[in-house]
Each structure stands twice: as structure tokens, then as C-alpha cells.
Amino acid sequence: MKTLRVTNAFSLTRRTSGSLCAIACLGLAANTQAVKASPAPSVYEASISELQAAMSAGTISSHELVEQYLARINAYDQQGPALNAMVSLNPNALLDAERLDEERRTKGPRGPLHGIPIVVKDNYDTADMPTSGGTLALANLRPTADAYQVQRLRAAGAVIIGKTTMHELAAGVTTVSSLTGYTRNAYDPTRAPGGSSGGTAVAVAASFAAAGMGSDTCGSIRIPAAYQNLVGLRTTRGLASRSGVMPLSSTQDVAGPMARTVSDLAVMLDATVGSDASDPSTADANRHIPPSYLKALKADSLKGARIGVIRGLFGNAPEDMEVAQVIDKALDQLKTEGATVVEISIPELDELLRDSSIIPYEFKYDLAAYLAKHPGAPVNSLSQILAQGMDHLLLDPGLRVRDAVDLEKASDQEALKKVLQKREALKLLITRHLHDQHLNALAYPTIQRKPALIGEPQFGATNCQLSASTGLPAIALPAGWTTDQLPVGLELLGNEFSESELLNLAYGWERSTQPRHPPFTTPPLEAGKAPALMKFQATPLTTRIASVEVNFDYDRLTGKLAYTAHARNIPRDQVIGVTLARSLDERPGPIIWNLLKPHMTYASDSLILKARDREELLAGRLRVQLYTLDSPLGVGAMAVRELQISQK
């Protein structure tokens, strides 16, 4: 990873001087003296409009925004929860911000994105950073020009702070690659973040930038958005340019934004959509774009909306039930907000969705065509990447299958023909249902199950293919939470070029439910650094048979609770155990960990607390209990209380 030396990164307090009236109401003369202004506002969870307002008010500069985001990246990307969302940082970010600050002073802002730091996925060409596509084989590929959407963002005044990790060659949904390894979910670092735009989603969720850019060939924006409590939009094919974006499938690829709020998503969309002569699919785009997606947002958009629920996309395995219950609760809330929600049956859907992806037939050819436009590329084909052994083990079998496709063979030509026929029939089917039943959108889970554990495959249907095979737009929005506090995404799919309508439905949902909650792993910095460990102690216990002391160090960034437990003045053979448990209304609750096991008097170990137990610890509702042969039902319950926060 590239690193930047950030000068004065944590000295974000501005100083001004002027004439102050000590007792103005009495009309006394003022003394001229230097005064310190309020500290600069924090970028943590700040929206684009909030950051823009702060810069307009002079309470912070774009340069200071970049410094704050870099400080958060430094604290959390490779340290603390080690989210591993960034692959490179822009060496010119601070200079770009300074130029934009000067432009603001002399000419005024260009618009809503002036001076706003954002991140882009590492399959977007950037002239000032490598574009690897997440593969080791292309780690030093340096394009000579920016992708079209990157050009648009820079023209709007955005600062590209860095590039994000991705699933290798965008060919999967867990975000693992031969170049960067595993990226971690900001809401549970033991789990995958979704993909392939997982790095962008994690970076935005963790406030490494105000918003970010991803790409979606089959769920690669929507799945990580769902898993990171974000909004992510797959636009209608042809609304936004793919020029300069490393392809997975020229037919299915779209490129676009992810954000923490619908308003931020609309700002990014306003800056990036439109016709591009270098991408023929966008020739008609401008005819379908409103003057501003942002200005078209309406808070009461759910009232009178008709939403059709495709129950067949919910899944029926036991592992699907938790997500389905969250989605059902969200659908009930949509009704409460004035929407009409109806269940629709589409018997032909499963058959038409099956094998409707065109990725296998285009991937290796489109990648080769992209590489041919970059004469300095170290490899020129998927075959060469595989021959060099420069792909990740988990992707190798699938990549080899796709590399074996040969469109000069009659069998592969016939298979491609059937895929194209299915896609056409599927689009006609869905648009007919939307029209005949007067629906504003179709609803279903973005993905049917919780995110996979790191290193494991993602199970459960993603439902990504419906939008990808029809070319119709779909938005993933935060629907709610599983019992272990993992985000769940609800997807809404609409007619061609109905992006404004989908954004409005999502905006109405957001305004009524306030679904955004930041991840516990990346809290606000304290004096420019990650919060220090918290120290807890179980109230020391001394009885006639023993004394027990338990000390804890708690890492808020990972949920790791390290401890030492010591039982003194008691023979080993008398110890049944010392446990850590919940308290239920001052009564004993269930045991969550055995600090000392039978016949142990000392132990030093650690555990990772789940969401509920993190809350219980911080609320002072955990307890330690000693069990002995003489007191097999427990003696001397000890409350776990915070002692202090250590200094790093």
C-alpha cells in the first residue's frame, strides 16, 4: 500500500484574530487579541452536504478533510480491526485539496462535490495511481488517463483520496484477491464484506471517505452495500459510462456510486451519469436524466407507491429465515408509511433466471480487449495470468472454467444464443408485470443470507441476476438487522431509467426509519488516534474459602476481551470454574465464557464478544461467578466495571 506523510494531520483547530468585546452589552472597549475557534468538525459519518456546509462556513478546509480521512485510514485499515479496504492512496490528494481550497477562496465552489474526498474501486483507471483490478498480475498497471466517471468526479471538484480493494477481477462477491488478500466486514471483522466492490463499501461505512465508486456486474455494488448498511444503485445499462473501467462483462457491467445516505448517492449520481462518446451504450443517456436527482428527492414518496414482493426470491432454507424475517418487517413498515405492498407470483422466473448470466462468454475476451488498450500491461490475457500462477487459490477453479470458453466452437455459440434469448424473455416478463400490475418497483432481499465467514464461500442466492440480466435498475437499501447486528439489504427494482423514482422510494424509507448505524469497529478518533483499550475489573472477591481477581482489557475496535483470572487460597481440585455471564434484571443470566475451567486457579486468554455482549459489557451488565465443590451453585457474584482508559 502507498502511504502518505501527512503534515500536521491531527492539528485541526483553526486560529483567527480580531477585535473581541469582552462585555459588549455594556459598551466597554474591546481588546484586540488572538482567539481560538471551535475545533474543526469531524468527518465521522458526516454527509456530503454537512461537509460542504462546513467548508462554506470556513470551519474546515478540504485539506483538513483529507487529513482527517487519512488519519482514520491509518487507524483502522491496517491496524485495529484491520479492515483492509484500501489498496493505494493518492499521493496528490493533499495538493489537490489545497488547489480546490484556493479555488473556493477566489472563485467559489464548483458544486456539491467541491473539495469532497471520495474513494474509487481499483478497476477504475486513474492516471495518478495504479489500476490492478485486484490481481497481483496487474499490480503495476498504470493507465495514462482517468476513467470517464473519474474525469467527471474530478471536474465536479471531488478529491480522489485513494483506491479500494476488490474481489479479484471482479469475479466474485466476498472480496478476496491475490494482491490484497481478504477485506473484512466493518460490522464483523470475522466476516466478508460482500463484493466485488467490498473495499469501497467498507471504506464508506468506516468513514474513510464521504462516498465511493464501485461497479456491478451481478450484485457487486448492491451486495456490499447491503452488508455495510449503505445505499447502492445499479443503474439502467447505458445511463453511465463504463469507459476506462476494467471489464468483467461488457453487456452486464455498470459503474456507479455507494453512499451512507440517499442524498449523498444522488449527489454522486448527478456528477457521473450521462452520455460518453467512448461508450456507445450511453448514446441516449442524456434524454433520460433529470436536471438533478438530488433536487428531485421527496420525503413523502412512499405514500401511494405500489410495490410488488417476489416471494420466490426469499429462499426457503432454514439459513434464509433470519434475513427473510428482517425483510418482512421492513415491508410492514413500508405499508405503515403509506405504500401498498402486494405479493406477486412469476412462475417462469426461476427458469429464466437460471443460466442467464453472460459473464462466462464475455469475460476473457473483454479483459483481453481492455489490456490491449494498455501497452504497458505486464500480461495481456486471463490465460497469461493463470499461467503465471498470479491468481488467488479460491478463484482459480472458476477462472479456469471461464478461460476455457471458446466462442469459435459451435457448442459455446449455441449456449450463448440461449443465454441471449433468456435475457430478452426475462426483460419482457418483468416489464410486463411492472406495467400490468401498476407497480413502482419489485421488492426482494438483496441476498438471502448473512455474510460468509472470512475464507468461506458465500452461500444463499444473491438475487443479483434479476437486474443484471434484464438491464433494469435496482437499489439496495438498509432494511434492518439480524439478531447479531449484521445489516440486511432490501432491493427495489424498477423500470428502465426509473432511477429517480427508486431514489425517492429509498429516500422516503430513509427519512421514516433512519436505518443508518455506523460500525462499532471504527468509532470517532480521539486526539487523532484510535480509542485506547478499556480496562475492566470484576469486583475483587474474598470469601472464607477463596479470593478471586479478574482483570479485563477490552478493544472496542474488534470486540476482543482479554483477561487474566486468578483464584487464590483454594486447592485446584476444589475449583469447578469461574464464569463470565450476563445479568438479567439483577438476576443471574446465561454464561458466555468459562474464565477458569475445572481444576484451574489461573488463566490468561481472550474472547471475541458478539454484539449483544459488547453492549452488556459497556452497560455494566456482565458478572463473574465462582463455583466450587463446596458451593456448586455459585458464590460471590462479581460485577464487571470499567476502571479506566489506558494511555497508549
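The values are calculated or read from the model by the stated rules, or taken from the named source; none is laboratory data. This one's a predicted model, so the numbers in the text were calculated from it and none came from an experiment. Heads up, the Cβs are rebuilt from the backbone with ideal geometry, glycines too, and the neighbour counts pull from every protein chain shown.
Residues considered: ALA452, ALA461. Of these, the only one that is more than 22 Å from SER357 (Cα to Cα) and not charged (D, E, K, R) is ALA452. Within the range 228-235, can one find any residue that is farther than 23 Å from SER512 by Cα, among the hydroxyl-bearing types (Ser, Thr, Tyr), touching a residue at least 12 places away in the same chain (Cβ under 8 Å) and in the same structural domain as LEU169 (by TED's automatic domain parsing)? Yes, the range 228-235 contains at least one residue that is farther than 23 Å from SER512 by Cα, among the hydroxyl-bearing types (Ser, Thr, Tyr), touching a residue at least 12 places away in the same chain (Cβ under 8 Å) and in the same structural domain as LEU169 (by TED's automatic domain parsing). Whenever a residue of the range 495-510 is closer than 13 Å to LEU477 by Cβ, its partners that are among the basic types (Lys, Arg), lying with C-beta atoms within less than 6 angstrom and at least six residues away or across chains, give the pairs ASN504/LYS298. Can you name the residue in the range 554-588 that is free of Cβ contacts under 8 Å to residues at least 12 places away in the same chain and on the phi < 0 side of the Ramachandran plot and is also surrounded by the most Cβ atoms within 10 Å (Cβ to Cβ) among such residues? Filtering the range 554-588 for residues that are free of Cβ contacts under 8 Å to residues at least 12 places away in the same chain and on the phi < 0 side of the Ramachandran plot, the one surrounded by the most Cβ atoms within 10 Å (Cβ to Cβ) comes out as PRO571.
Return a yes/no flag: does the range 159-173 have any residue that is surrounded by fewer than 24 Cβ atoms within 10 Å (Cβ to Cβ) and either under 19 Å from GLN458 (Cα atoms) or in contact (Cβ under 8 Å) with a residue 60 or more places away in the chain (or both). No, there is no match, as no residue in the range 159-173 is surrounded by fewer than 24 Cβ atoms within 10 Å (Cβ to Cβ) and either under 19 Å from GLN458 (Cα atoms) or in contact (Cβ under 8 Å) with a residue 60 or more places away in the chain (or both).
Does ASP284 satisfy being more than 28 Å from the chain's Cα centre (by Cα) and touching a residue at least 40 places away in the same chain (Cβ under 8 Å)? For ASP284, the condition - more than 28 Å from the chain's Cα centre (by Cα) and touching a residue at least 40 places away in the same chain (Cβ under 8 Å) - is met.
Number of residues in the range 104-128 that are outside any loop (DSSP other than H, G, I, E, B) and either of a type in the set (Ser, Thr, Tyr) or not assigned by TED's automatic domain parsing to the domain that holds ILE160 (or both) equals 2. Could you tell me whether the range 104-112 includes any residue that is within 24 Å of the chain's Cα centre (by Cα) and crowded, with 24+ Cβ neighbours inside 10 Å? The answer is no; no qualifying residue exists. For the range 411-450, give me each residue that is touching a Gly at 6+ places or on another chain (Cβ under 7 Å) and of a type in the set (Lys, Arg). Of everything in the range 411-450, those that are touching a Gly at 6+ places or on another chain (Cβ under 7 Å) and of a type in the set (Lys, Arg) turn out to be LYS427, ARG449. With respect to ALA639, is the statement that it is outside the structural domain of ASP188 (by TED's automatic domain parsing), surrounded by 13 or more Cβ atoms within 10 Å (Cβ to Cβ) and touching a Pro at 6+ places or on another chain (Cβ under 8 Å) true? In short, no.
Which pairs have Cβ atoms under 7 Å, sit 6 or more apart or on different chains, and link a residue in the range 89-114 that is over 28 Å from GLN78 (Cβ atoms) to one that is in a helix (DSSP H, G or I) and charged (D, E, K, R)? Listed by first residue and then by second, the contacts come to HIS114/ARG104. For the range 433-453, state whether one or more residues are over 25 Å from VAL342 (Cβ atoms) and surrounded by fewer than 17 Cβ atoms within 10 Å (Cβ to Cβ). Yes - at least one qualifying residue is present in the range 433-453. Being among the basic types (Lys, Arg), in contact with a Leu (Cβ under 7 Å, 6 or more places away or on another chain) and modelled with pLDDT of 95 or more is a property that LYS373 lacks. Of the residues examined, SER243 is not one that is touching a residue at least 60 places away in the same chain (Cβ under 8 Å), surrounded by 24 or more Cβ atoms within 10 Å (Cβ to Cβ) and either in contact with a Ser or Thr (Cβ under 9 Å, 6 or more places away or on another chain) or not in a loop (DSSP other than H, G, I, E, B) (or both).
Here is the figure for the range 601-628: residues that are more than 28 Å from PRO531 (Cα to Cα) and either crowded, with 17+ Cβ neighbours inside 10 Å or at pLDDT below 95 (or both) total 5. Do we find a residue being more than 22 Å from MET213 (Cα to Cα), assigned to a strand (DSSP E or B) and of a type in the set (Gly, Ala, Ser) anywhere in the range 340-354? Scanning the range 340-354 turns up no residue that is more than 22 Å from MET213 (Cα to Cα), assigned to a strand (DSSP E or B) and of a type in the set (Gly, Ala, Ser). For beta carbons closer than 8 Å, sequence separation of 6+ or different chains, a first residue in the range 389-406 that is assigned to a helix (DSSP H, G or I) and a second that is of a type in the set (D, E, K, R), the qualifying pairs are LEU399/ASP391; ARG402/LYS364; ASP403/LYS364.
Of the strands (runs of 3 or more DSSP E) lying entirely inside the range 554-622, those containing at least 1 residues that are within 18 Å of VAL635 (Cβ to Cβ) and touching a Lys or Arg at 6+ places or on another chain (Cβ under 7 Å) span 575-584, 587-596. Counting only strands (runs of 3 or more DSSP E) wholly contained in the range 459-553, the ones carrying 1 or more residues that are at positive phi occupy 474-481.
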